[in-house]
1. Among (1) away from chain A (no Cβ under 14 Å); (2) surrounded by 15 or more Cβ atoms within 10 Å (Cβ to Cβ); (3) within 14 Å of the chain's Cα centre (by Cα), where does residue B:13 come up short?
2. Does residue A:72 meet the test of being farther than 20 Å from residue A:113 by Cβ and either surrounded by fewer than 16 Cβ atoms within 10 Å (Cβ to Cβ) or touching a helix residue (DSSP H, G or I) at 6+ places or on another chain (Cβ under 6 Å) (or both)?
3. Please go through the stretch A:85-111 and pick out each residue that is more than 7 Å from chain B (Cβ to nearest Cβ), in contact with a strand residue (DSSP E or B) (Cβ under 9 Å, 6 or more places away or on another chain), part of a loop (DSSP other than H, G, I, E, B) and modelled with pLDDT under 95.
4. Could you look through the stretch B:40-63, keep only residues that are within 14 Å of another protein chain (Cβ to nearest Cβ), in contact with a strand residue (DSSP E or B) (Cβ under 6 Å, 6 or more places away or on another chain) and not in a strand (DSSP E or B), and pick out the one that is modelled with the highest pLDDT?
5. Select from the stretch A:68-96 the residues that are under 13 Å from residue A:34 (Cα atoms) and without any contact (Cβ under 8 Å) to a residue 60 or more places away in the chain and list them in ascending order.
6. Name the one entry in A:76, A:53 that is more than 8 Å from chain B (Cβ to nearest Cβ) and modelled with pLDDT of 95 or more.
7. So which residues in the stretch A:33-67 are assigned to a loop (DSSP other than H, G, I, E, B) and in contact (Cβ under 8 Å) with a residue 24 or more places away in the chain, if there are any at all?
8. For residue A:17, are the conditions met, namely being over 28 Å from residue B:110 (Cα atoms), in contact (Cβ under 8 Å) with a residue 60 or more places away in the chain and facing chain B (nearest Cβ under 9 Å)?
């Protein structure tokens, strides 16, 4: 399975600022995903980020609010822009193993917006 | 569309008790099924999976069998430990074509095991 790391692991931010979350994988993967997990809730897919193409956003998520970069096959960033307290969540990076029908998850970034 | 329904929590059990967490799904095709576990303060870990009907996934004493006839993938463990306290998520994946790949999660079931 892939080993995935995220930075930062947690942060406390002020309303109106932006935070960029980094996701690093120890192997080359085509498909990467960003999820949000609001407090006490399940996971919601924000977008799919495939290398070499624009990220595909799910309903309710827009590029201006959550811009994503995917410069190579081992790295991606998610920016949470113009934050409000409603953005307080855990943000998780995930990759799909190309040999198996399986997604693996990073440890998550715990964001609190004041 | 696809959906996953799992039993409401929280579930509280005594150590060495038998665990069942029910999970049923709705899918248009032939999905793969997963159980993920989230320990307190951590991300999601894959616990087990099954990719076709009648497959049994197993790991760390947990088991789940892919039942196509009942569209279910119930998680079981014969004797739980305090260290099993976590939130358990049932999920399905289905290739929706054009290179996309959707993973649909249930709402999660929080398990607390008391000594």
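The values are calculated or read from the model by the stated rules, or taken from the named source; none is laboratory data. Quantities reported herein were computed from a predicted structural model and do not represent experimental measurements. Glycine gets a Cβ as well: all are built from the backbone with ideal geometry, and neighbour counts include every protein chain shown.
1. Condition not satisfied by residue B:13: (3).
2. Yes: the conditions hold for residue A:72.
3. Within the stretch A:85-111, A:98, A:100 meet the criteria.
4. Looking at the filtered set, the residue picked out is B:51.
5. A:68, A:69, A:70, A:75, A:76, A:77, A:78, A:89, A:90
6. A:76
7. Once the filter is applied, which keeps residues that are assigned to a loop (DSSP other than H, G, I, E, B) and in contact (Cβ under 8 Å) with a residue 24 or more places away in the chain, the stretch A:33-67 yields A:38, A:39, A:66.
8. Against the criterion (over 28 Å from residue B:110 (Cα atoms), in contact (Cβ under 8 Å) with a residue 60 or more places away in the chain and facing chain B (nearest Cβ under 9 Å)), residue A:17 does not qualify.
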